[in-house]
């Protein structure tokens, strides 16, 4: 049972990967890249430290451009990020019959609702799995127990979220000031190994 | 990290227990009993075959009576079963700081919505975990891979759902005919061991 997990190097997608691996799935961690910026480096590092196979899937640059236009027009990132996420899942479904991501119970964006999940599974004949059974308290608790986590301010180098290439493209089109307004700097957690190996 | 999992012996609650055990939780499977009928036997058998610790928690018989009145008045089981489930979770929260059940993504009843989950966690200072990240296809697939499952018509002896004692009480108060109308006989799956041990 091979499963592809959309992977950023963060706590949520890492816990999802661990759950699937523990259940016996052959897990591949996947970072989508749209060709604008090498956003996969943090994800590759986390995957390697944890011993997971990692793969980069090339996304259509036009999708990122569309999403960035939406975000610039909206003045906030939610709709654009949801567009990118939906595209990423469809791309995953072309490569894996079990498609997974680190969406947890209390996530708002990106997130598929129940009807969108049913449609995604049926249209593509795949199974979709996330960590919708767990809230942020559980993720924090588990992550502190299982992983070595690094907390740091977001930068272009230390995470592999969709945000990285989106931010790059906004900066290029409209300047860094707008990019920072739409994605304010914040503390993020990056998984950099198993706690047991410390 | 001790976690209590509401347990019926079915696929969903068993998969939830396995996920938590694999993550390192010290799992206790729990069946609530209201003192009307020894409904725990199937759950005890499944737990023992799988090597999990099992515990019976005594519920307030008045809660079951209230729920049965609701079900008789409604003519269908959903609201009454939700009442019993909410009570069961509150009882679990008095005994465990991590409370879990086998609710999956596409379940309708019993199920807490997001606001109810947040309230449950905050009021009781617990974490609530279910398998809301998985749909029925994934559960079936995983269950066929991991477990030895027995499919059979529901009876009073072969499952440990709330339904058993509710059915017992409806039969006692209003006769078997109404009990069968409200809970029609159906095929159910019961986990009776690990597949690797076959």
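Taking the stated definitions as given, is residue A:44 touching a strand residue (DSSP E or B) at 6+ places or on another chain (Cβ under 6 Å) and closer than 26 Å to residue A:171 by Cβ?
yes
Any residue that is under 18 Å from residue A:171 (Cβ atoms) and either in contact with a helix residue (DSSP H, G or I) (Cβ under 6 Å, 6 or more places away or on another chain) or surrounded by fewer than 22 Cβ atoms within 10 Å (Cβ to Cβ) (or both) - is there at least one of those in the stretch A:12-31?
No, the stretch A:12-31 contains no residue that is under 18 Å from residue A:171 (Cβ atoms) and either in contact with a helix residue (DSSP H, G or I) (Cβ under 6 Å, 6 or more places away or on another chain) or surrounded by fewer than 22 Cβ atoms within 10 Å (Cβ to Cβ) (or both).
More than 14 Å from chain B (Cβ to nearest Cβ) and part of a loop (DSSP other than H, G, I, E, B) - does that describe any residue in the stretch A:10-30?
yes
How many of the residues making up the stretch B:96-120 are free of Cβ contacts under 8 Å to residues at least 12 places away in the same chain and crowded, with 18+ Cβ neighbours inside 10 Å?
The number of residues fulfilling the criteria is 1.
How about the stretch B:133-198: which helices (runs of 4 or more DSSP H) wholly inside it have at least 3 residues that are farther than 30 Å from residue A:100 by Cβ?
Ranges flagged: B:162-174, B:176-182.
Pick from B:64, B:89, B:57: which is under 19 Å from residue B:131 (Cα atoms) and either crowded, with 18+ Cβ neighbours inside 10 Å or in contact with a strand residue (DSSP E or B) (Cβ under 7 Å, 6 or more places away or on another chain) (or both)?
B:89
If we keep just the residues of the stretch B:73-86 that are out of contact with any strand residue (DSSP E or B) (no Cβ under 9 Å at 6 or more places or on another chain) and in contact (Cβ under 8 Å) with a residue 60 or more places away in the chain, which is farthest from residue B:20 (Cα to Cα)?
Only one residue fits best here, namely B:75.
Of all residues in the stretch A:45-67, count the ones that are under 17 Å from the mean Cα position of the chain (by Cα) and in contact (Cβ under 8 Å) with a residue 60 or more places away in the chain.
5
Give the residue that is nearest to the other protein chains (Cβ to nearest Cβ), with candidates limited to residues of the stretch A:121-135 that are without any contact (Cβ under 8 Å) to a residue 40 or more places away in the chain and under 16 Å from the mean Cα position of the chain (by Cα).
It comes out as A:132.
Which count do you get for residues in the stretch A:137-162 that are within 16 Å of the chain's Cα centre (by Cα) and either modelled with pLDDT of 95 or more or surrounded by 15 or more Cβ atoms within 10 Å (Cβ to Cβ) (or both)?
Total meeting the criteria: 8.
Got a sec? Which of A:82, A:95 is within 12 Å of the chain's Cα centre (by Cα) and either away from every other protein chain (no Cβ under 14 Å) or at positive phi (or both)?
Just a single option satisfies the conditions, and that option is A:82.
The values are calculated or read from the model by the stated rules, or taken from the named source; none is laboratory data. This structure is a prediction, so every number in the text was calculated from the model and none was measured. Glycine gets a Cβ as well: all are built from the backbone with ideal geometry, and neighbour counts include every protein chain shown.
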